[in-house]
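Accompanying notes for the structure given below.
The values are calculated or read from the model by the stated rules, or taken from the named source; none is laboratory data. From a predicted model like this one, the values you see are computed outputs, not experimental measurements. We place every Cβ from the backbone using ideal geometry, glycine too, and count neighbours over all the protein chains shown. Areas reflect the complete protein model, heavy atoms only, side chains present, ligands, DNA and RNA absent. Shrake-Rupley method; radii C 1.70, N 1.55, O 1.52, S 1.80 Å.
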Amino acid sequence: RDAMAPAAASATATTMAGGRTLLGRTGVTALRWSRASKGLHLVSRRPSTQSFSALATSCCPGAASTTAATKASAEGGGFDLHSSQLSTAAAASPGASPSELRERVRDFVTSRIIPLEATVLAKSYDGPDRWSVPPEMDALKAEAKAQGLWNLFLPEVSGLTNREYAPLAEEMGRSLLAPEVFNCNAPDTGNMEVLHMFGTAAQKEQWLTPLLEGRIRSAFAMTEPDVASSDATNMQATVVEDGDDLVLNGRKWWTSNAAHPRCELFIFMGQVPDESLPRHARHSIVLVPKSAPGLNVVRRLRALGFDDAPHGHCEVEFDNVRVPKSNIVLGKGRGFEIAQARLGPGR
């Protein structure tokens, strides 16, 4: 831990599928697991000038090379989120310094959000319309957007590095409502990053733009009830090609946002049933409209007694869900690459 502290403390790092290389904004830290001492040992640390594709290949043999959209930035050494243009409706305050943005976020949370917490949360816990969006939230979002405090999590919008964004996230963390008010709430942030980094132009137009504008919500369907899903190679859900379509089958749970009345998109991760492929190239990620036949929200789960209305954490069934092949993200078997890229900024 001490050996890697300088790299780890400076920014979010992304652990690749091989579990040996951390890609952060200051450089690359290579670690090796020792069976004898049952610990991680620092092998090397170097400035991050090597491409993300090379890193992915070196630490995860057999993994396909990623696209230019995720090449390591020569300046920052992290994922390059600046590779495509975003909707102007997503823009944050131009030219504002990180410290200024932090003060503005803090003031907004203190003066506008926290005074409404009791009212909004009471509706979520006990109100007759628990699974609808409180009008106070829409009003707060409109106000935050008008002030340019919107989509601050995404570097191309905000101009912030991960390190600069972290204090803003800390300020938002003072209220259960705040991240969503600024359109900086999980799982939508990670899903927007996936679409921004890997989506086609058509996928971005259909899904990324309305997410950035806050018109819809989304869910990430990965964890499964019958296997230890922390190791995604255990996954049982499948993605099978059938002509021009993909057929999805499986059961997911703890799928956040699945019960939200404005959730329109599920990002589904499943296995490609082809054992000839390398172990970490057998998963695909597919965009699934919530309205797709065969997609069924089975139940809303509780954590510590709470169901987190109106978002919910749900068990979801995919029963022969059929979508066009154009809904696959990045390509067949690229799910692990995408999932790792999504994980980094979230951590």
Notebook entry, point to check: Given charges of +1 on the Cβ of Lys and Arg and -1 on the Cβ of Asp and Glu, with all other atoms neutral, how large is the dipole of segment 154-201 about its Cα centre, in debye to the nearest 20?
Noted result: 40 debye
Check: How far apart, in nm, are the 7 Å Cα→Cβ label points at THR200 and GLU170?
Finding: 4.3 nm
Margin query: So, taking all protein chains as they sit and a 1.4 Å probe, how much accessible area belongs to HIS280, in Å² rounded to tens?
Written below: 50 Å²
Next item on the list: Evaluate the relative contact order of segment 107-199 (contact order divided by residue number), counting alpha-carbon pairs under 8 angstrom at least 6 apart; express in whole percent.
Entry: 31 percent
Margin query: Per residue, how much accessible surface does segment 130-230 expose to a 1.4 Å probe? Answer in Å², no decimals.
Written below: 35 Å²
Notebook entry, point to check: Using the Kirkwood formula over every pair of different C-alpha atoms, what hydrodynamic radius in Å results for segment 213-305?
Noted result: 14.3 Å
Notebook entry, point to check: When all protein chains stay in place, what accessible area (Å², nearest 10, 1.4 Å probe) is found for ASP231?
Noted result: 60 Å²
Note to self: Keeping every protein chain present and rolling a 1.4 Å probe, give me the accessible area per residue for segment 277-329 in Å².
What the structure shows: 48 Å²
Next item on the list: Could you grab the relative contact order for segment 238-287? Cα pairs under 8 Å, six or more apart, rounded to a whole percent.
Entry: 35 percent
Check: Considering only protein heavy atoms and a 1.4 Å probe, what is the carbon-and-sulfur percentage of the accessible area of segment 181-244?
Finding: 45 percent
Item checked: Residues whose placed amide H lies under 5 Å from that of ALA258, excluding near-sequence neighbours -> CYS314
Check: Using +1 on the beta carbon of Lys and Arg, -1 on that of Asp and Glu, and nothing else charged, what's the dipole of segment 192-347 about the Cα centre, debye to 20?
Finding: 380 debye
Next item on the list: Give the accessible surface of segment 231-271 per residue, rounded to a whole number of Å², with probe radius 1.4 Å and ligands, DNA and RNA excluded.
Entry: 36 Å²
Next item on the list: Return the long-range amide H neighbours of ALA221 (sequence gap of 5 or more, or a different chain), with a cut-off of under 5 Å between placed amide H atoms.
Entry: ILE267, PHE268, MET269
Check: With the contact rule set at Cα under 8 Å and sequence spacing of 6 or more, what percent relative contact order holds for segment 249-316?
Finding: 48 percent
Item checked: Accessible carbon and sulfur surface of segment 104-156 relative to its total accessible area, %, 1.4 Å -> 58 percent
Margin query: If I take the Cα coordinates of segment 192-347 and project them onto the principal axes, what are the three extents in Å, biggest first?
Written below: 44, 35, 33
Note to self: Name the residue from GLN147, ALA232, GLY173 whose Cα lies farthest towards the positive end of the charge dipole of segment 102-243, charges +1 on Cβ of Lys and Arg and -1 on Cβ of Asp and Glu.
What the structure shows: GLN147
